[in-house]
Amino acid sequence: MPAVRLAVISDIHIDLNGAPVLDALCARVRAVSPDILIVAGDIATGAATFLSTLLALKSCAPELLVVAGNHDVWTSPKARLAGLDSWAWLDKLLPALCTEAGAHLLDAGPVVFGNVGFAGSLGWFDLTMREHLLDVPADAYRTGRFGAVMWNDHRFAHFDDGQGKNLSSEVIAERLRDRLSAHLKGLSTSRVVAVTHMLAWDRQVARRDRAGWSFVNAFMGSLRMGELLQADPRIELAIAGHTHIPSDHRIGRIRALVSPLGYAREWRAPDAVGAVEKALAVVDL
Ligand SMILES: [Fe+2]
Ligand SMILES: [Fe+2]
């Protein structure tokens, strides 16, 4: 009899994928009967859909742990005028919505179930995953533009520096990594599961021989996040998302699992039921 059964998924994008996906996911979660459902970010853009999604998911699993994804902290110029930058989404609005739904937002702090601690973070990209041989204009990684490619976090995420300017991606990544480091230090369990939205290891990045694809890989995560996780000997499982390409690697003692649902156009399944069945991973700790 396993001590703790986890069901794991990420990138469900319910605002784009729609309610049938949520119904399929709930049915699948009930079928595998986990103790804890973990959703590693990119749940839904927009507060109302984020909340209704969490409420639905919480009704089909005893415990629901989530981290924010980049899509979950997107804002707009109008919202920013009302004080709602991406820090406010991450530190105020999302924690309130999670509390309302009975879910745990790991960005806000770690939780313990039995003898296992769970710590997590949105994480951010710091360009350490960029392809160094790719010939792009000097400014491209700062603007998110390269040819016809536009990385949307540069348009819709705004982590304010306190003076109306967006912080650099490296500073955002460093701040969020420092927060996760503090959360890990606060855990006294001998076993830890880490959950990040963005990737932590190069092996999780899908490399393709296409310039646009290669450019976007710069925005997949942070190798320094991987260094932080590897330095903690208690971490046995590290869950991530963000890329919509699944992977399951052994990195030293850590199982590094990415099990995204992704967008309907990316599914290699005929329908939502099949896509959810493929994507939802079950881990018995
Ligand atoms: Fe995503
Ligand atoms: Fe993402």
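Under the condition of being within 16 Å of the chain's Cα centre (by Cα) and surrounded by fewer than 16 Cβ atoms within 10 Å (Cβ to Cβ), which residue from segment 243-259 is nearest to ligand 2 (Cβ to nearest atom)?
Of everything passing the filter in segment 243-259, 245 is nearest to ligand 2 (Cβ to nearest atom).
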Single residue of segment 67-94 satisfying the filter (under 28 Å from residue 33 (Cβ atoms) and assigned to a helix (DSSP H, G or I)) that is farthest from ligand 1 (Cβ to nearest atom):
94
Index of the failed condition, residue 283 passing every other in (1) of a type outside the set (Asp, Glu); (2) surrounded by 15 or more Cβ atoms within 10 Å (Cβ to Cβ); (3) in contact (Cβ under 8 Å) with a residue 40 or more places away in the chain; (4) within 16 Å of ligand 2 (Cβ to nearest atom):
(4)
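Give segment 33-47 a look and list any residue that's away from ligand 1 (no atom under 16 Å from the Cβ) and over 15 Å from residue 3 (Cα atoms), or say none. Reasoning before the result, please.
First, pick out the residues of segment 33-47 that are away from ligand 1 (no atom under 16 Å from the Cβ): 33-37, 47.
If the condition is that a residue be away from ligand 1 (no atom under 16 Å from the Cβ) and over 15 Å from residue 3 (Cα atoms), then 47 is the only one that fits.
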Restricting the search to segment 167-211, which residues are at pLDDT 95 or above and of a type in the set (D, E, K, R)?
170, 174, 175, 177, 178, 179, 185, 191, 202, 203
Any idea which of (1) within 21 Å of residue 61 (Cβ to Cβ); (2) of a type in the set (D, E, K, R); (3) modelled with pLDDT under 95 is the one residue 80 doesn't satisfy?
(1)
Matching option when the condition is small (Gly, Ala, Ser) and under 13 Å from the mean Cα position of the chain (by Cα), among 262, 226, 274:
262
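The rows are residues; the columns are (1) within 20 Å of residue 122 (Cβ to Cβ); (2) in a helix (DSSP H, G or I); (3) touching a Ser or Thr at 6+ places or on another chain (Cβ under 7 Å).
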position: 9; (1), (2), (3): yes, no, yes
position: 16; (1), (2), (3): yes, yes, no
position: 38; (1), (2), (3): yes, no, no
position: 65; (1), (2), (3): yes, no, no
Please name all residue pairs, on different chains or six or more residues apart, with Cβ atoms under 7 Å, provided the first residue is in segment 67-87 and is more than 19 Å from residue 124 (Cβ to Cβ) and of a type outside the set (A, V, I, L, M) and the second residue is part of a helix (DSSP H, G or I) and within 16 Å of ligand 2 (Cβ to nearest atom).
none
Kindly provide the set of residues from segment 69-94 that are in contact with a Gly (Cβ under 9 Å, 6 or more places away or on another chain) and either of a type outside the set (Lys, Arg) or under 20 Å from residue 12 (Cα atoms) (or both), ordered by number.
69, 70, 71, 72, 74
Among the residues of segment 233-270, what is the count of those that are free of Cβ contacts under 8 Å to residues at least 40 places away in the same chain and either at positive phi or not in a strand (DSSP E or B) (or both)?
11
Restricting segment 48-66 to residues that are of a type in the set (Ser, Thr, Tyr) and within 16 Å of ligand 1 (Cβ to nearest atom), which is surrounded by the most Cβ atoms within 10 Å (Cβ to Cβ)?
53
From (1) out of contact with any strand residue (DSSP E or B) (no Cβ under 6 Å at 6 or more places or on another chain); (2) surrounded by 18 or more Cβ atoms within 10 Å (Cβ to Cβ), pick out the condition that doesn't hold for residue 152.
(2)
Take segment 1-34 and flag every residue that is closer than 19 Å to residue 264 by Cβ, within 16 Å of ligand 2 (Cβ to nearest atom) and either of a type in the set (A, V, I, L, M) or surrounded by 20 or more Cβ atoms within 10 Å (Cβ to Cβ) (or both).
9, 10, 11, 12, 13, 14, 16, 17
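The values are calculated or read from the model by the stated rules, or taken from the named source; none is laboratory data. Quick caveat, the model's predicted, so the values are computed rather than measured. When we count neighbours, we look across all protein chains shown, and the Cβ atoms used for this are built from the backbone with ideal geometry, even at glycine.
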